[in-house]
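Each value in this text was obtained by applying a stated rule to the coordinates, not by laboratory testing. Only a predicted model underlies this, so the values are computations on that prediction, with no experimental measurement involved. Note that we place each Cβ from the backbone using ideal geometry, even for glycine, and neighbour counts take in every protein chain shown.
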Amino acid sequence: MTPILSVQSLSVQFGALRAVNDVSFEARQGAITAVIGPNGAGKSSLFNLISGAIRPTAGSVRFDGVDVTAQPPHRLLASGLSRSFQITNLFFDLSVRENLRLAAQFLEQGRGLLRPVRHSATARRRVDELLEQFDLGGKADDLAGYLSHGEQRRLEIAVSLASRPRMLLLDEPTQGMSHSDTHETEALIRRLSRDHGLTILLVEHDVELVMNLSDHVVVMHQGQKLAEGRPAEVRANAAVQTAYFGEKT
Amino acid sequence: MSSPITTTAVAAAPAAHRAPARRLSAASWLAIVFFAGALLFGAVALALGDVFYLRLATEALIFGGLALSVDLLLGRVGLLPLGQALFFGLGAYVSALVLKHWTDSIWLALAVALVFSALAGLVGGLIAIRSKGVYFALISFGLAQVVSKLIYNTRELGASDGIIGVPAAAMAPGLGSGTPQVFFLLVLGLIGAFYLALRYLMDTPMGRQLDAIRINEHRVAFLGVDAWRYKLGAFVAAACIAGVSGALYPMLRGFVSPELMFFQVSGHAVINVIVGGTGTLIGPLYGSAILTGLRSVVGSFTAHHHIVIGVLFVVVVILMPRGLIGYATPVLQRWLDRRHHSAGDRT
Amino acid sequence: MNHALDWLQFVLAPQMINGLSIGVAVVLMALGLTIIFGLLDVINMAHGEFYAIGAYLAVALLGLGLSFWWALVLTPLLMAVLGYATERGLIQRVFHSKDRHTLTLLLTFGVAVVLEDALKIVFGANPLRVEAPIAGATEVLGLFFPNYRLFVMLLGGALITAVWLLVFRTSLGAVVRAAAYDRHMSASLGVPVQRVYAATFAFGVALAGIAGVLLAPIYSVFPTMGRDFVLIAFSVVIIGGMGSIKGAVLAGLLLTQVQSISSLYISPVWSDPLLFGIMVLVLMWRPQGLFGKLGSA
């Protein structure tokens, strides 16, 4: 498995605060890589750097050999990277179907912009696929704002998947979820990786989920990379245990 | 500036993802009523030999076009333009100049106004679209203030008097803006075309992206969409609609003046949209019709119709922010749904 | 060399001093606007009208036989009452809606329309003149300046300093700033947030009113004066940074200087476009203004 995402010496500074300090790691194609760390470790900032939401003050991000470091967010999808959001960031006033359709429109590559929506057959088929895959068919015509939290989180992931990205960045996918929803999400992520060969990078608070799911784990602490390796290695790492000492997970 | 006062409009729009409905939605019915009503009005005026009210109605439609352009930006993209009269006035001036100095063809005047408006919209958009919310509103306002002041002070364009003595324009030999009934139909047709074009647009991926930008601009970028381009496109389209509507004005009244670009006109357009129903597209047309009529009626009693409209507007903003059509549409839709079910149709 | 000094003394300096007298009034108005925005997160599109009402109130009070000094004291008090009523009666009604930003913008815009026409109804459309309360001129730098203008500069400067002290150096100011920062927390600490909001709005409106009174003898008084002036007020606030007091003061003084110096070389027609152009450039280069924080508006 070759590295598809390569983060090199990435740093970002907010005033006096070095939120991310010289972080480097690689994510392999087809693998599930997780970034964990206690609160304030800089996971979200790292995530925002990789997904183009903020610009780094130093370092680079390469995806599949291409430098995507300072790319504006809307070019990310064209590079094959897609992200989901920690705070559910859907179009709450639109139906589930429309949320997915907007995301799937990317597959049309700019065709049919001025033809009626029903003519975008590729997008339409993708929406039906996603509705089934994520078990949202029954709620397709409901407004996204009216879904339960767990359903919204599912929709959030579905939306980020709609454009058939090669790599998916998941920002705390189980944020605020119940146990059963978390297990379902875990299974979903595993399916996406195994059955669809999707490369996944996830940032998570739920350490247990991460240990069950990931092929590779990166631990951050106070903006820096503390350790990385397979889940078992990382779990046994003394420095990691110290960093998490007293942390609720 | 996401504007859920327009959500009803989106939810009430014909659902293109369902199997094509064999019955018309409430929004469509309200549009049919408007245009049918306008035709009826024209017929009655013709029968009664009236010209004054026909001209007033034509003017209401012309300003309805301006209101449509405001609604495209406010109700669909989520940007509040406080200076849209700029394009309206520019279109009017261009049209007046063409008619006075070049040709009396309506079509040529409109075509030139269209091109000019598109260019002006591009320039204005490049300046304004980078901003959102109140900044956009103020840039739009400022642009109109600045350009209108410049024109006010330009002798070659008639300065404060504007351009007078614009000749009647011709659609076809012998048929033109000199005939109020014919011109009324032309304007109705043109505004109707704009309305239908915008309705159609909202059901295309392009239009849906504009809605998405209004609802959650932040997310849209992560769906691979460059919001700036879409907003600029919408701004230029709105400028074109405003400009072509403005181009009709000198054909009706025979003159243009810098006042067509003043804040009064922009402000009234916004009021027409809010009272009629933001985002509904037909609402602004209703709003323009009702408020033009109201201004005329109140204006015959007192010179201070502005304050009446202003108070009405404030009341609407506080009590009925979705506007007349914004409230009427779901009510009508429920009624239609109930009738549909009780009639036992199968879809 | 002599030419340059002469130019400085007899051309530039007078323009700058004149500009300063306008500048302090503009700053007062901008302060009102930026304080209202900084605390209530409300864009007061009617701010120009409140400025006009201030001027008209002065006209009315003078018409009743009161002296200019009485007008100067009473007008801000009356304006504060008007502002308080506007905030409690109108703005608070849309304050809690999800659409707050759009609705308050539209609402204050509507209020502006109503107020402007109300002025026209009550006072007529013709421009009115207000006599300057102080006659004569004083020699400064070898030139004579109208005493009234000098007075405006001094009083304006004093008021600006007072506002700054009030906001940053008193416990009242601290309370207001706390309420701006975290409404709910302040409420649970016993701060009467609704009243603070209304009072702050009243305060901002009173500042606009004072500016109106001060400038009334310099410009004439006419119903659309508010609408003309509001663009410069907003330009100052945007360039200075929405919600920033420091920004309002610096941008206000700077921009009026730019206007008065440029009026030496370009026709007054270009004055507004120049200001507007600066505003647009600032927005494009630094959208939060000189001292503002991104995320406001």
Open item on the list: Cut-off 10 angstrom, C-alpha nodes, Gaussian network model of chain C. Which of C:G32, C:G124, C:G156 fluctuates the most?
Closed with: C:G124
Open item on the list: So if I restrict to the alpha-carbon atoms in the protein assembly as shown, what is the Rg, and what is Dmax, the biggest pairwise distance, in Å?
Closed with: 30.5, 98
Open item on the list: What does DSSP give for the protein assembly as shown in terms of the percent of beta bridges that are antiparallel, rounded to the nearest 5?
Closed with: 60 percent
Open item on the list: Please compute the modelled spin-label separation between B:H340 and A:E208, points set 7 Å along Cα→Cβ, answer in nm with one decimal.
Closed with: 4.8 nm
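When the chain is fully extended, how far beyond the present Cα-Cα distance does C:S188 get from C:I134, taking 0.36 nm per residue of separation? Can you show the working numbers first?
Details: separation 54, 0.36 × 54 = 19.44 nm, distance 4.99 nm.
Working it through step by step, the gained length comes to 14.4 nm.
Would you mind telling me the antiparallel percentage of the DSSP bridges in chain A, rounded to 5?
Around 55 percent antiparallel, to the nearest 5.
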- [ ] Calculate, for C:R177 and C:L155, the FRET efficiency according to 1/(1 + (r/R0)^6) with r their C-beta to C-beta distance and R0 25 Å; round to the nearest 0.05.
- [x] 0.45
TODO: Compare the peptides C:210-217, B:67-74, C:38-45 by average per-residue count of other Cβ atoms within 10 angstrom and give them in order, highest first.
DONE: B:67-74, C:210-217, C:38-45
Open item on the list: Only Cα pairs within less than 10 Å get springs; with that Gaussian network setup on chain A, which residue of A:R118, A:R154, A:R83 has the largest fluctuation?
Closed with: A:R118
Task: Residue-averaged beta-carbon neighbours from other chains (10 angstrom radius) around A:44-53 - done: 1
Open item on the list: Which one, A:F91, A:G110, A:A123, is farthest towards the positive end of the dipole of region A:91-149 when Lys and Arg carry +1 and Asp and Glu -1 on their Cβ?
Closed with: A:G110
TODO: About the Cα centre of the protein assembly as shown, how large is the charge dipole given +1 on each Lys and Arg Cβ and -1 on each Asp and Glu Cβ? Please answer in debye to the nearest 20.
DONE: 800 debye
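Does chain A come out rounded, prolate or oblate, given a ≥ b ≥ c as the square roots of the eigenvalues of its C-alpha gyration tensor, rounded meaning a/c under 1.5 and, failing that, prolate meaning a/b above b/c? Working shown, then result.
Values: a/c = 1.92, a/b = 1.48, b/c = 1.30.
Taking the square roots of the gyration eigenvalues as a ≥ b ≥ c, chain A is prolate.
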Task: FRET efficiency, 1/(1 + (r/R0)^6) with R0 35 Å, evaluated for A:L17 and B:N153 via beta carbons - done: 0.10
Open item on the list: For peptide B:136-149, what's the mean number of Cβ atoms from other chains within 10 Å of each residue's Cβ?
Closed with: 5
Task: Candidates A:R194, A:R111, A:R166, ranked by Gaussian network fluctuation over chain A, Cα under 10 Å, top entry - done: A:R111
Task: Around B:I32: net Lys/Arg minus Asp/Glu count, Cβ-Cβ under 15 Å - done: +2
Task: Expected 222 nm ellipticity per residue - DSSP helices of 4 or more, -39500 (n - 2.57), all of chain B, to 500 - done: -24000 deg cm²/dmol
- [ ] May I ask for the net charge around A:A144, where only other residues with Cβ less than 14 Å from the Cβ of A:A144 are counted and Lys, Arg are +1 while Asp, Glu are -1?
- [x] -1
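In region B:36-134, which chymotrypsin sites (Phe, Trp or Tyr not before Pro) are in a loop and have at most 11 other Cβ atoms within 10 Å, using DSSP for the loop call? Could you put the intermediate results ahead of the total?
On the way: sites: B:F41, B:F52, B:Y53, B:F63, B:F87, B:F88, B:Y93, B:W102, B:W107, B:F116; in loops: B:W102.
Hits after loop and neighbour filter: B:W102.
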Task: Mean Kyte hydropathy of -0.5 or more with a Cα span along the axis of at least 20 Å, helices from DSSP in chain B - done: B:26-48, B:52-71, B:85-101, B:106-128, B:133-152, B:180-202, B:227-253, B:282-301, B:305-319
TODO: Take each uninterrupted DSSP H stretch in chain C, measure its Cα extent along the helix axis, and return the ones at 18 Å or beyond whose mean Kyte-Doolittle hydropathy is at least 0.0.
DONE: C:13-40, C:47-63, C:68-86, C:100-123, C:147-169, C:193-215, C:225-240, C:245-262, C:271-285
- [ ] Choose one of B:V77, C:I17, A:G15: the residue whose Cα lies farthest towards the positive end of the charge dipole of the protein assembly as shown (beta-carbon charges +1 Lys, Arg; -1 Asp, Glu; about the Cα centre).
- [x] B:V77
- [ ] Decide, for region C:73-127, between rounded, prolate and oblate: order the square roots of the alpha carbon gyration tensor eigenvalues as a ≥ b ≥ c, take rounded if a/c falls under 1.5, and otherwise choose prolate if a/b is larger than b/c, else oblate.
- [x] oblate
Task: Ordering of C:185-195, B:264-274 by packing [mean C-beta count within 10 Å, highest first] - done: B:264-274, C:185-195
TODO: Calculate, for A:S180 and A:R235, the FRET efficiency according to 1/(1 + (r/R0)^6) with r their C-beta to C-beta distance and R0 30 Å; round to the nearest 0.05.
DONE: 0.75
- [ ] Rounded to the nearest Å, what's the spacing between the alpha carbon centres of region B:19-67 and region B:107-131? Just the number, please.
- [x] 27 Å
Task: Paramagnetic reach from C:H96 in region B:311-344 [backbone N under 20 Å; point 7 Å along Cα→Cβ] - done: B:315-322
Task: Relative contact order of region B:180-277, defined on C-alpha pairs under 8 angstrom at six or more residues apart (%) - done: 20 percent
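Among residues other than B:V225 whose Cβ falls under 11 Å from its Cβ, what is the net charge (Lys/Arg +1, Asp/Glu -1)?
Its environment carries a net charge of +3.
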Open item on the list: Of B:L90, B:S160, B:V220, which is farthest towards the positive pole of region B:51-261's charge dipole, taken about the Cα centre with +1 and -1 on the beta-carbons of Lys, Arg and Asp, Glu respectively?
Closed with: B:V220
Task: Distance-filtered residues of region A:141-178 - backbone nitrogen under 18 Å, label point 7 angstrom along A:T122 Cα→Cβ - done: A:160-167
- [ ] First check a/c for chain C, with a ≥ b ≥ c the square roots of the eigenvalues of its C-alpha gyration tensor; if it is under 1.5, answer rounded, and if not, answer prolate when a/b is larger than b/c or oblate otherwise.
- [x] prolate
Open item on the list: What distance in nm lies between label points placed 7 Å from Cα along the C-beta direction at A:D142 and C:N126?
Closed with: 6.9 nm
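Roughly how crowded by other chains is peptide B:317-323, in terms of the mean Cβ count from those chains within 10 Å of each of its Cβ atoms?
Working: counts 13, 10, 2, 0, 7, 1, 0.
The per-residue average across the peptide is 5.
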Task: GluC sites (Glu not before Pro) restricted to DSSP loop in region A:169-249 with at most 16 other C-beta within 10 Å - done: A:E247
